[in-house]
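The values are calculated or read from the model by the stated rules, or taken from the named source; none is laboratory data. The structure displayed is predicted, hence computed values, not measured ones. Positions of Cβ are backbone-derived with ideal geometry, glycine not excepted, and every protein chain shown enters the neighbour counts.
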Amino acid sequence: MKRILSIITLLALSVQMLSAQEYDSPEYVSLGRELPRTKTVAYPTAGEAQALGAGAVASKYLRPITKWERTEEADAVVFTSKYVIPFVWLSRLAILYVDEASGAYEVLINGKKVGYSANAFTPAEFNITKVSKEETNTISIRVLKEHWSRKMECFNKNTEPRIGNVYVTSQPTIRVRNVVHRTTVDMKSELASVEVGLVVKTESLNDKKARIHYELIAPDTTVVTHGYKDVTLGMRGEDTVKFVTNIPYVYTWCADMPIRYRLNIRTQIEGRDQEFQSHMIGFRTVECDKEGNFLINGIKTELFYRDFDPLTVTEKDIIAARVLKYNALRFDMGAVPQNVYRMCDSLGMYVIAQIPINTRDSGASRRIGGNPSNDPKWKDAFLDRVETSYRTTCGQACVIGYVMAEDSANGINLYESYLRLKSLEKTRPVLYIEAGGEWNSD
């Protein structure tokens, strides 16, 4: 009996030590966080999906969380609220979406810690199915006051704690988790080739079958292509439903003609409709030539920038900038809400996305104890920011390149970050202005 109690005590201490390590070391960047993806919202009907798209609007399968109460604790500012899990969700997944926050945070559901993210400046999702109960649940988001991630966030001078849009959404056990796409143009052809992938995933421990329907609709409401594919996934498996089609070159997306196609998705399980999604996609290519010129759909394009605060910019601001002949926006480094990228897609504005890394206050030294950019212990923290930023923005037509960091010296972590980005993104340029002529900048 004493031996059993000793083992239990050791396990409890191990859990406490791990919890502390998550906060104390840049080697622990997240807990319980889902793989980043393009913003995805499921609806119960095709009509709602097409009308609302990726908007965080209350529906049968989405519950916005509002009316936060703020309290102070020794190590965190705590935002607390309630959400309701309806009966119809009990055989489905419940996923918490946090758009952004002012700093590293942890998530508690009904008093139990379920999530943690050191990077608060890109969207994060947490599977809260098992910890949620039918009817009313309590959620707390603890924005940590002191955290190692602040060494990477020297751009963040506003220390007022905040959280962005938060909601709980529901998807079936086997679901379309993400949508990815790629465009190819041939300047000698009147057509562009587009390839679309629907990433299907199941959280079930048993084999699951589903029929995934897709329909791609042109701006003039013509159905470009449609079809379906039956998928069978094993325990927590994943597969991709792909289709390829051609569109007129003149209907590719650019700032002068921000043409988008509508992709409608319907998931059937055992012959019954389970969810509907509708995505607006701008198909275009981006590359950078040896002289540093941007080529959009194969055509040399000059960028004219207007600076905006991403947390306050409005549709009217973007329209006014377009009237003044600006075709690109430059945002302050930090969080850019997903609805801002969608506005830029719809209104025709180019954006070079900035990954939230700035280690200015640590100086330029590459020696031990100097800038984290050359400290291997910080590798996971750098790579996490690079990958989450990329995966949450790569589907946006407006994003034509990435600034990997700013004012962060240079070293092994930025070399690895560059290589990671280039492995994910084959054509859009990856820039680091302070690379000082080194190879890790296009």
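What about residue 397, is it out of contact with any Pro (no Cβ under 6 Å at 6 or more places or on another chain), touching a residue at least 60 places away in the same chain (Cβ under 8 Å) and buried (at least 20 other Cβ atoms within 10 Å of the Cβ)? Here the answer is yes, as residue 397 does meet what is asked. At least 3 residues being charged (D, E, K, R) is the threshold, and among the strands (runs of 3 or more DSSP E) wholly inside the stretch 141-238 those reaching it are 174-185, 208-217. Reported count of residues in the stretch 197-222, each being touching a strand residue (DSSP E or B) at 6+ places or on another chain (Cβ under 6 Å), within 23 Å of residue 50 (Cα to Cα) and not charged (D, E, K, R), is 11. Does the stretch 334-386 hold any residues that are among the acidic types (Asp, Glu) and part of a loop (DSSP other than H, G, I, E, B), and which are they? Within the stretch 334-386, just 375 meets the criteria. If you go through the stretch 241-255 and pick out every residue that is under 20 Å from residue 54 (Cβ atoms) and either touching a Leu at 6+ places or on another chain (Cβ under 7 Å) or assigned to a strand (DSSP E or B) (or both), you end up with 1. Residues of the stretch 104-127 include none that is in a loop (DSSP other than H, G, I, E, B), under 30 Å from residue 266 (Cβ atoms) and at pLDDT below 95. When the stretch 224-250 is filtered for residues that are in contact with a strand residue (DSSP E or B) (Cβ under 6 Å, 6 or more places away or on another chain) and among the β-branched types (Val, Ile, Thr), the ones remaining, listed by number, are 224, 225, 231, 232, 240, 241, 244, 245, 247.
Does residue 78 meet the test of being in contact with a Gly (Cβ under 6 Å, 6 or more places away or on another chain), part of a strand (DSSP E or B) and at pLDDT 95 or above? For residue 78, the condition - in contact with a Gly (Cβ under 6 Å, 6 or more places away or on another chain), part of a strand (DSSP E or B) and at pLDDT 95 or above - is not met. Note on the stretch 256-301: among residues that are outside any strand (DSSP E or B) and among the basic types (Lys, Arg), the one that is surrounded by the most Cβ atoms within 10 Å (Cβ to Cβ) is 284. Checking each residue in the stretch 278-321 for being small (Gly, Ala, Ser) and in contact with a Phe, Trp or Tyr (Cβ under 7 Å, 6 or more places away or on another chain) picks out only 282. A Cβ distance below 6 Å, combined with a sequence gap of six or more or placement on separate chains, defines the contacts here; from the stretch 335-359, residues that are on the phi > 0 side of the Ramachandran plot reach residues that are surrounded by fewer than 20 Cβ atoms within 10 Å (Cβ to Cβ) in the pairs 348/258.
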